[in-house]
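The values are calculated or read from the model by the stated rules, or taken from the named source; none is laboratory data. Please read all numbers here as calculations on a predicted model, not as lab measurements. Methodologically, a virtual Cβ is constructed for each residue, glycine included, from the backbone with ideal geometry; neighbour enumeration extends over all protein chains shown.
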Amino acid sequence: MKPLITLAISATALALGTGAAFADCGIEAGSVRILSNDFEALRTINATAQECASDAVVVTANATAEHKEIQVPALTINPAEYTVAVVANNSIVPLLNADLIRPLDDLVAKYGQDLQPSQLVKIDGKIMAIAFMGNGQHMFYRKDILEEAGIEPPKSYDEVLAAAAAIKEAGLMEYPLAASVKPGWDLAAEFVNNYLGTGGEFFAPGSAELTIDNENGREALRVMREMTAYMDPDYLTYDATEIQKEYEAGNVAIMNEWGSLAGAILDDEGAVDGVVENTVLTAAPTIGGGSTPAAALWWDGFTIAKNISDEDAEASFRAMVHGVSPDMMMANKDVATWLIAGYEPGPAAVGVIANANGGARPYPMQPYMGLLHTALSTELAEFMAGSEDADQALADVKAAYDTAARGAGFLQ
Amino acid sequence: MPHKTFFAFILPSLIAMVLFIALPIVSVVLQSLYVSHEQVMVEVENCQPFGGCTSELRVDSEATAALRDAQPLGRFNGLGTYVDRAHLASAELGAILSSDRGLPAKWAQILNLPFYKALIFTLVYCFVVTPLAMALGFSIALAVNALPKVTKGPIIFFSLLPMIITPLIGSLILYWMLSPNGILGATIQHIFSDPTLSLRASPALTWGALLTYGVWTNAPFSFVVFYAGLQTVPGDTLESAMIDGASRWERIRFVIIPHLAPLATFVALVQLMDNFRVFEPIVGFSAEANATSLSWLIYNDLSGDAQQFGSAGATSVLTIIGVVILLSPVLVRTWREFKHKAV
């Protein structure tokens, strides 16, 4: 997932990566080549999978923020450049569309004893990916600031706006809110979160026809725009890592931030006094009178390439199962919100768990969702800057999406 | 030189040019004329860790693969991609122009179309940055030329720094300096005693910052070329001008500038071409909300969750056409001069 790309390189992952211990994964022979995004949890898994390397088994890993651009061409060639592609809800879609990953049912039956049923991502009855961690954007707030302003922790976006007004009025903070609304991937993700919270559907059932030009879409946009009144005027240049810095600098009282960054925020580095001990993680606010957190739930999981030998596929699957084993999870409890057997959520996982328990919906996996995400990422910029109204913004998104979807063959 | 020898000499670079310039352009043009196959969709059961099982549409990969094998390039779309909303938007443009709104409203609606929004910034960047950078580069060249020998070396080095720094890094550095916590941003806030003033928040100031960056990063190229040109200015002409009582300004105006004019044409040509492809500062300054360029549109099509090759190809071809149009006056003039000389 993109917001996680600029995480600082963790010393633990580095140590694991360089001084890889050898583990007996039972693999006889084969080549394992992993392509993944670049953040701490994935680097840890890659390093653990590399423990399976032996004289007959080669395990290499490429963790890069550009994985989404690389994966389709790299898995299209035969034999594929990578045997394992680590994906999320959104990045598995291009691989499915182009039929580049193989069903894992037989491998799961043979070697998947440690996996939980909830980890299996099934498409049309076939297991296509093994999920190992959950993620999502949720609320971080400063209880000291809220107490000082005399307000209860907000549950809905309207309460968040009221809280921001109270904090500003009390002179506690000039810009109490923050959200990652930089035009591009972040801004689109923010709209998707809010729209999911309203209960609306992005597409007409059974077709690629866009259906966001409605009251739900307008409500999502209204909240996004009203929040900007309480944000730093530079909000249009703030992505997920930038608001993390602002929050750690003590400039922000309430923000929506990725669960996978919670560990880095709650650690004892980078934050000014008073931030960490007063930070509370909770579910994303509800929106428009809805009852579920306005946030998309994400999973990260691994897939095995289709265009490789069965031997390599088996070796890759077993190495990755070792990589996401309960032992790895126990040694790295606080690195992510794991979906692995035996996991007990630590303090950094509370928010994502609260989103899931609150009934938040997953990020949509429709084949044309990526086109919508791209259309949102550019066409909402003017609305957020205040130079366009919601009706025009939604019309622009629809026009841009329709153009792209026609070119991609999803719409006539 | 016999034709055969000449041919043998340029053959290696000719092969390289065909392989790395001509063929990719042909491929881009070809791709821009095609769009993806119709996707054959099927409804399937989809189960994931969150949200349980739902019934959703999927691409029927076997049926789509059969379509792809039948027509590897996709569906022929002719110039359809060129005139769609993401590019020249002929239908939308026609509707805007024929509507009975006022001129400002029409203008705002045209700027709402992604291609025209990007084109306007690209053109403004080209025509503001190119002359200013050339003027700045020329004045630096004149100043450095007048310096004593000992100081020339270090000063030339420092003047070249903006060109040595990678554009993305250079724009990031300036961006950080201009942020409210940065040295320039804080100074500007102090000067105008307005703590909310931010270069990143206002479209006009963002454009200003991008143009300033453009001049800063482009000036060294003009400087190097003009400085080299200054070494060729004939000493006796300058001396006789001095004896005739010409001031320093008059010598520049009537001797140096006419002497360097052909060089200026060359610099303008290269700089216009370069500036038309402006891209890095937009990313470096996180300016996507307020300024986009044609190159940025191509990048946007190719990155992100869905890659749109046909659309990116069409924008690339339109960029090439734009460069040709921009350069045509200069090219026509050069061609005329060449013919004139030949006769």
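Residues that are surrounded by 19 or more Cβ atoms within 10 Å (Cβ to Cβ) and at the interface with another protein chain (Cβ under 10 Å from one of its Cβ atoms) within the range A:111-123 comprise A:GLN119, A:LEU120, A:VAL121, A:LYS122, A:ILE123, listed in sequence order.
For the range A:200-217, residues that are surrounded by fewer than 18 Cβ atoms within 10 Å (Cβ to Cβ), in contact (Cβ under 8 Å) with a residue 60 or more places away in the chain and either under 24 Å from the mean Cα position of the chain (by Cα) or not assigned by TED's automatic domain parsing to the domain that holds A:GLU159 (or both) total 0. Each residue in the range B:186-202 was checked for being modelled with pLDDT of 85 or more and within 26 Å of A:PHE383 (Cβ to Cβ), and 0 pass. Among the conditions (1) surrounded by 15 or more Cβ atoms within 10 Å (Cβ to Cβ); (2) assigned to a helix (DSSP H, G or I), the only one that A:PRO73 does not satisfy is (1). Of the residues B:LEU211, B:LEU184, B:LEU199, B:LEU142, the single one that is more than 29 Å from B:PRO262 (Cβ to Cβ), of a type outside the set (S, T, N, Q) and part of a helix (DSSP H, G or I) is B:LEU184. Within the range B:55-83, residues that are without any contact (Cβ under 8 Å) to a residue 60 or more places away in the chain and within 11 Å of chain A (Cβ to nearest Cβ) have Cβ atoms under 7 Å from residues that are part of a loop (DSSP other than H, G, I, E, B) and loosely packed, with under 13 Cβ neighbours inside 10 Å in these pairs: B:LEU57/A:GLY206, counting only partners at least 6 apart in sequence or on another chain. Scoring A:ASP327 on the criteria (1) in contact with a Lys or Arg (Cβ under 7 Å, 6 or more places away or on another chain); (2) of a type outside the set (A, V, I, L, M); (3) surrounded by fewer than 16 Cβ atoms within 10 Å (Cβ to Cβ) leaves a single failure, condition (1). Within the range B:84-102, being closer than 19 Å to A:GLU388 by Cβ and free of Cβ contacts under 8 Å to residues at least 12 places away in the same chain holds for B:ALA95, B:SER99, B:ARG101, B:GLY102.
When residues in the range B:248-291 are screened for being part of a helix (DSSP H, G or I), more than 14 Å from chain A (Cβ to nearest Cβ) and not acidic (Asp, Glu), 27 of them pass.
Taken over the range A:251-287, residues that are surrounded by fewer than 18 Cβ atoms within 10 Å (Cβ to Cβ) and in a strand (DSSP E or B) amount to 1. Note on the range A:124-175: residues that are surrounded by fewer than 19 Cβ atoms within 10 Å (Cβ to Cβ) and assigned to a loop (DSSP other than H, G, I, E, B) amount to 11. The number of residues in the range A:391-412 that are out of contact with any strand residue (DSSP E or B) (no Cβ under 7 Å at 6 or more places or on another chain) and within 18 Å of B:ILE110 (Cα to Cα) comes to 10.
The residue list A:THR44, A:THR18 contains one member that is of a type in the set (Ser, Thr, Tyr) and at pLDDT below 85, which is A:THR18.
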